[in-house]
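Enquirer: First the structure, then my questions, so here it is.
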Amino acid sequence: MTGGLARLGRAALSFFERLGRGHLFLLQILAGVPGLLLRPRLVIQQLYSVGVLSLVIIVVSGLFVGMVLGLQGYNTLADFGAAESLGVMVALSLVRELGPVVTALLFGGRAGSALTAEIGLMKATEQLSGMEMMAVDPLRRVIAPRFAAGVIAMPLLAAIFSAIGVVGGYFVGVGLLGVDEGAFWSQMQARVDLYDDVMNGVIKSVAFGFVASWIAVYEGYDAVPTSEGVSRATTRTVVHTALAVLGLDFVLTALMFGE
Amino acid sequence: MKQSTTTEIMVGVFVALGFAALFMLAMKVSNISALNDQDGYEVQVYFENAGGLKVRSPVTVAGVRVGRVAAIGFDDQLFEAVVTLKLNPGVKLPADSSASIFTSGLLGEQYVALEPGGAETNLKEGDRITLSQSALILEQVIGRVLFSKASEGVSK
Amino acid sequence: MIFDGVDIDIPRGKITAIMGPSGTGKTTLLRLIGGQLRPQAGRVLVDGQDVHALRRRELYDLRKRMGMLFQSGALLTDINVFDNVAFPLREHTRLSEVMIRDLVLMKLEAVGLRGARDMSPSELSGGMARRVALARAIALDPMMIMYDEPFTGLDPISKGAVVELIHKINEALGVTSIIVSHDVQETASISDYIYVLSGGKVVGQGAPQNLMNSDSEWVRQFMQGLPDGPVPFHYPAPDYAEDLLAGQG
């Protein structure tokens, strides 16, 4: 009995310790971000690996999610004789929820895990240590640009996902199922609000980008510097990103659309 | 050197794509016209019952959207709903226009429809529309129908 | 506790070796000197400055004057050999690309790898990687260089090349060199002075020749690489015969 309690206590303590270290770490990264304005090249390089390389998976997933939404939405809406609202349904689902959330999950799996593995390996092969001894702060030189690139790339990826998804829904709804094209777009434009829906979606994706990048770089920097430690850290990045994004999504949705 | 320029071009393409997507979401998917709602003038309408009207619901004249609902409040003197309408600057309506709350379709959202009157002067900022017709509450309509049917039966 | 009352003097311009069996904290000692670790007690003075009393900025300035050669080389894997050597120059100086190119080629020439400038670190052999790392460590012309296990895991030819390089760099540039190693032969061949660490204490010190014939049996065992001695060949275990019989139960 006491053994179980002790284990629970230990787990809680180590959880809070990690949490605290994570926050200190975040402060250190944020301190390094303004310096990046002087060296935009560092961020551009990382935008390539975080953003450009994630593009394919985002575009393909967005297209298919949009197409599935078109099919499923049509079947449900047609029962109520409201098939013209398909555009609204597809656009709202994507812009408010699926765009930011699914992009963040894919981002965690594609870019986040890669970031963690890269930083973890740099730690394991003493590259970070070596940089420190060359009087270069790895937090500023290595971590901060990756973090900044993640925060910048996420909303762009989410916007691309949503836009492609709407196009996918259009293909299925208008092209395949014969929903009226005019009604598809006009109903969508009438019901989707720039501030309430699009802007809130963008805010969500920025928040997710912040959290996902933070988790990815922290797990990499905090990884046990062995190949096993790095692989564990990579797994943790994917799992923690998914949990954090979904949890945060609930909180943000409640704040934005709860009224 | 060559390799880093390709990187830069790819990143440029990526950022451009992202902004294009945002632009499309703003222009094609959402009602960008909402941006212009900042200007315009406000008038007030009192309704006995505001029904399911919401802030940002459309305001129409002859089926054309001319503004939106800016605020919905409650007047504790008259015990009526105070609805503030924000009308687009170009919209000129006679001062004795009337307002009604309608529902678009059976299950659609509610909106405020304005019916132009015949007065010489136009509505301006801070004016009050006096003629109003409240929202149609489905339960009341059904209740009324049932009541009249029932009274028909009694009279027979 | 890793160190207990260790007092080591490292003279300028000489090669000082710190030796001892694996796990005695030799690398920890280098990290203390570089300010990456903080001692619970005691001081580390480099060029008269207390490393752990320095502010961040001052510590970074001091590190610019220190070079360190890591066991793994610690080359940045996402850029090629040339950019690796150019890295400290680009980070810390405002030199033109032309100047940087000249400097990098000079340093690479010194380690004999000017022809490998376009290779990526993953294509290099262990010995080459270490030589590139050495070129990078001397890129900023430091006043001292720390070598962390420079001979471990190299074939005899590469090992010979690294020994030669350390010696040459020390002589030509007059840098203070600290070698941390357990390779007795190679280290002894070039060091001016050797400290032998064990169990967190300095157990022997002196010029290589003197240490080989040290009074301490332990130091002799270590320096001559004898399998048995004060450090027993057998890990402590119950009596052999009894242990075998116990299984028959």
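Enquirer: Scan the range A:67-74 and tell me whether some residue there is in contact with a helix residue (DSSP H, G or I) (Cβ under 8 Å, 6 or more places away or on another chain), closer than 21 Å to B:M24 by Cβ and not in a helix (DSSP H, G or I).
Expert: So far as the range A:67-74 goes, no, none of its residues is in contact with a helix residue (DSSP H, G or I) (Cβ under 8 Å, 6 or more places away or on another chain), closer than 21 Å to B:M24 by Cβ and not in a helix (DSSP H, G or I).
Enquirer: Where the second residue is of a type in the set (A, V, I, L, M, F, W, C) and surrounded by fewer than 24 Cβ atoms within 10 Å (Cβ to Cβ) and the first is farther than 30 Å from C:P88 by Cβ and without any contact (Cβ under 8 Å) to a residue 60 or more places away in the chain and lies in the range A:141-166, which pairs have Cβ atoms under 7 Å and are six or more apart or on separate chains?
Expert: A:M154/A:V206; A:P155/A:V202; A:P155/A:V206
Enquirer: Take the residues in the range C:14-52 that are in contact (Cβ under 8 Å) with a residue 12 or more places away in the chain and charged (D, E, K, R), then tell me which one is surrounded by the fewest Cβ atoms within 10 Å (Cβ to Cβ).
Expert: Once the filter is applied, the top-ranked residue is C:R38.
Enquirer: Looking at the range A:86-105, can you tell me whether even one residue there is among the basic types (K, R) and within 30 Å of A:F184 (Cβ to Cβ)?
Expert: yes
Enquirer: Still on this structure, please answer the following. Just wondering, is there one or more residues in the range A:222-231 that are without any contact (Cβ under 8 Å) to a residue 40 or more places away in the chain and more than 16 Å from A:A111 (Cα to Cα)?
Expert: yes
Enquirer: Can A:F64 be described as in a helix (DSSP H, G or I), among the hydrophobic types (A, V, I, L, M, F, W, C) and touching a residue at least 24 places away in the same chain (Cβ under 8 Å)?
Expert: Yes, satisfied.
Enquirer: Would you point out which residue out of C:L108, C:L89, C:L124 is surrounded by 15 or more Cβ atoms within 10 Å (Cβ to Cβ) and within 17 Å of A:R141 (Cα to Cα)?
Expert: C:L89
Enquirer: B:G63: surrounded by fewer than 16 Cβ atoms within 10 Å (Cβ to Cβ) and not aromatic (F, W, Y), yes or no?
Expert: Answer is yes for this residue.
Enquirer: Name every residue in the range B:29-40 that is modelled with pLDDT of 60 or more, within 9 Å of chain A (Cβ to nearest Cβ) and surrounded by fewer than 17 Cβ atoms within 10 Å (Cβ to Cβ), in order of residue number.
Expert: B:I32
Enquirer: Identify all residues within the range B:121-156 that are in contact (Cβ under 8 Å) with a residue 12 or more places away in the chain, out of contact with any Phe, Trp or Tyr (no Cβ under 9 Å at 6 or more places or on another chain) and loosely packed, with under 10 Cβ neighbours inside 10 Å; write none if there are none.
Expert: B:T121
Enquirer: Now, a different point. Kindly indicate the residue of the range C:56-71 that is more than 16 Å from C:M143 (Cβ to Cβ) and touching a residue at least 12 places away in the same chain (Cβ under 8 Å) and also surrounded by the most Cβ atoms within 10 Å (Cβ to Cβ) among those meeting that condition.
Expert: Per the criteria, the residue is C:F70.
Enquirer: Can you name the residue in the range C:184-200 that is modelled with pLDDT of 85 or more and assigned to a loop (DSSP other than H, G, I, E, B) and, of all such residues, is nearest to C:A17 (Cα to Cα)?
Expert: My answer is C:S191.
Enquirer: So for the range B:138-151 (the condition being in a loop (DSSP other than H, G, I, E, B) and out of contact with any Leu (no Cβ under 8 Å at 6 or more places or on another chain)), does at least one residue qualify?
Expert: No, the conditions are met nowhere in the range B:138-151.
Enquirer: crowded, with 23+ Cβ neighbours inside 10 Å, within 13 Å of the chain's Cα centre (by Cα) and of a type in the set (S, T, Y), is that true of A:S54?
Expert: For A:S54, the condition - crowded, with 23+ Cβ neighbours inside 10 Å, within 13 Å of the chain's Cα centre (by Cα) and of a type in the set (S, T, Y) - is met.
Enquirer: Hey, C:M68 hits all of (1) in a helix (DSSP H, G or I); (2) within 21 Å of C:E164 (Cα to Cα); (3) within 14 Å of chain A (Cβ to nearest Cβ) but one; which does it fall short on?
Expert: (1)
Enquirer: Criterion first (within 13 Å of another protein chain (Cβ to nearest Cβ) and not polar (S, T, N, Q)) does A:V88 satisfy it?
Expert: Yes.
Enquirer: Can you confirm whether A:G120 is buried (at least 24 other Cβ atoms within 10 Å of the Cβ), touching a Ser or Thr at 6+ places or on another chain (Cβ under 8 Å), within 30 Å of C:E58 (Cα to Cα) and small (G, A, S)?
Expert: Answer is yes for this residue.
Enquirer: Hey, another quick one. Any residue at all in the range A:196-217 that's more than 9 Å from chain B (Cβ to nearest Cβ), hydroxyl-bearing (S, T, Y), under 30 Å from A:R21 (Cβ atoms) and in a helix (DSSP H, G or I)?
Expert: Within the range A:196-217, one or more residues are more than 9 Å from chain B (Cβ to nearest Cβ), hydroxyl-bearing (S, T, Y), under 30 Å from A:R21 (Cβ atoms) and in a helix (DSSP H, G or I).
Enquirer: Can you tell me which of C:L154, C:L197 is in contact with a Ser or Thr (Cβ under 7 Å, 6 or more places away or on another chain), crowded, with 17+ Cβ neighbours inside 10 Å and not aromatic (F, W, Y)?
Expert: Just one listed residue meets the conditions, C:L197.
The values are calculated or read from the model by the stated rules, or taken from the named source; none is laboratory data. Not measured: the values here are computed from a predicted model. Virtual Cβ from ideal backbone geometry, glycine too; neighbours counted across all protein chains shown.
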